[in-house]
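Here's the structure we're looking at; comments come further down.
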Amino acid sequence: MSLLTRINETKAFLQAKGISNPEFGLILGSGLGELAEEVENAIIIDYADIPNWGKSTVVGHAGKLVYGELSGRKVLALQGRFHFYEGNALEVVTFPVRVMKALGCQGLVVTNAAGGIGYGPGTLMAITDHINMTGNNPLIGENLEEFGPRFPDMSDAYTTSYRQIANKVAQELGIKLEGGVYIGVTGPTYETPAEIRAFKTLGADAVGMSTVPEVIVAAHSGMKVLGISAITNFAAGFQSELNHEEVVEVTQHIKENFKGLIKAILVEL
């Protein structure tokens, strides 16, 4: 079955469940999925029940698709994402973004937990650009002309106007929102101190194991994107050890500011 056929099959399944014309897709990363619980008039579907869908196996990722209203906007939220390091093909990792576009989403808000290179734990960082260090690209293979061109422009993959709105809203709320470059790696190992020194030289401010594939596909599809990283730990070489428990713990401390910011931004987008 072709990718386009599978996208349309999943789209039809979700429409039959009552999902129609979402305005924004939300991808909620480690420890940040609670925002989906604030969606009103929600339709909640387990990933396991959705045809052609992947599964999320990481602690802090609930594995549910949530549709409804948030801040008065129709949203389709992924409560947990798929990662390349889980053994998923990038086609699986990015499939939800394809379906979001097919259902009508014009914008994507993508969040993640990241290691800080230029910033410390507890920082919220609007992604200005990314560096793809995964050694792969989700658009390799046959191009889906229905979605976008063979050679898509990535100059404004993280939409400038969306980021300007985010900065304005953050200032109004008294929330410090930094800006910086996200470097995407495959994981699941944390980076070595030497890798982090190299990434810093390349101009990266934060490092993580997600987001880049989804944003590439969103940009290919003509979707506007806002990316925000929650810096949950210093990257390797800046602190003695790294572990996922710390990532989830720090997101718990900053989640209220984070959720409040996303909800306020949605009003303005």
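The values are calculated or read from the model by the stated rules, or taken from the named source; none is laboratory data. Owing to the predicted nature of the structure, the values given are computational and were not obtained by experimental measurement. Here the Cβ positions follow ideal geometry from the backbone for every residue, glycine too, while neighbour counts run over all protein chains shown. The accessibility values were calculated without ligands, DNA or RNA, using every heavy atom of the protein model including side chains. Shrake-Rupley method; radii C 1.70, N 1.55, O 1.52, S 1.80 Å.
Put simply, of E9, E34 the only residue that is open to solvent by 50 Å² or more (accessible area, probe 1.4 Å) and under 28 Å from I231 (Cα atoms) is E34. The set of residues from segment 47-72 being at pLDDT 95 or above and touching a strand residue (DSSP E or B) at 6+ places or on another chain (Cβ under 6 Å) comprises L65, V66, Y67, G68, E69. On inspection, I127 qualifies as among the hydrophobic types (A, V, I, L, M, F, W, C), farther than 17 Å from G54 by Cβ and surrounded by 21 or more Cβ atoms within 10 Å (Cβ to Cβ). Of all residues assigned to segment 86-95, at least one qualifies as being among the charged types (D, E, K, R), assigned to a helix (DSSP H, G or I) and open to solvent by 30 Å² or more (accessible area, probe 1.4 Å).
How many of the residues making up segment 96-110 are surrounded by 23 or more Cβ atoms within 10 Å (Cβ to Cβ), part of a helix (DSSP H, G or I) and not charged (D, E, K, R)? Before the answer, list the steps.
We begin by selecting, within segment 96-110, every residue surrounded by 23 or more Cβ atoms within 10 Å (Cβ to Cβ); these are 96-101, 105, 108-110.
Then drop every residue that is not part of a helix (DSSP H, G or I), which leaves 96-101.
Going one step further and asking which of them are not charged (D, E, K, R), we end up with 96-97, 99-100.
Total satisfying the criteria: 4.
Rundown of residues vs (1) within 23 Å of Y47 (Cβ to Cβ); (2) among the small types (G, A, S); (3) touching a helix residue (DSSP H, G or I) at 6+ places or on another chain (Cβ under 7 Å), yes/no style:
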| position | (1), (2), (3) |
| --- | --- |
| G87 | yes, yes, no |
| E91 | yes, no, yes |
| G122 | no, yes, yes |
| D129 | no, no, no |
| P138 | yes, no, yes |
| G148 | no, yes, yes |
| L177 | no, no, yes |
| Y182 | no, no, no |
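Within segment 59-73, one or more residues are among the aromatic types (F, W, Y) and in a strand (DSSP E or B). The condition (being more than 17 Å from the chain's Cα centre (by Cα) and farther than 17 Å from T186 by Cα) is satisfied by just one residue among G120, G135, G54, G87: G120.
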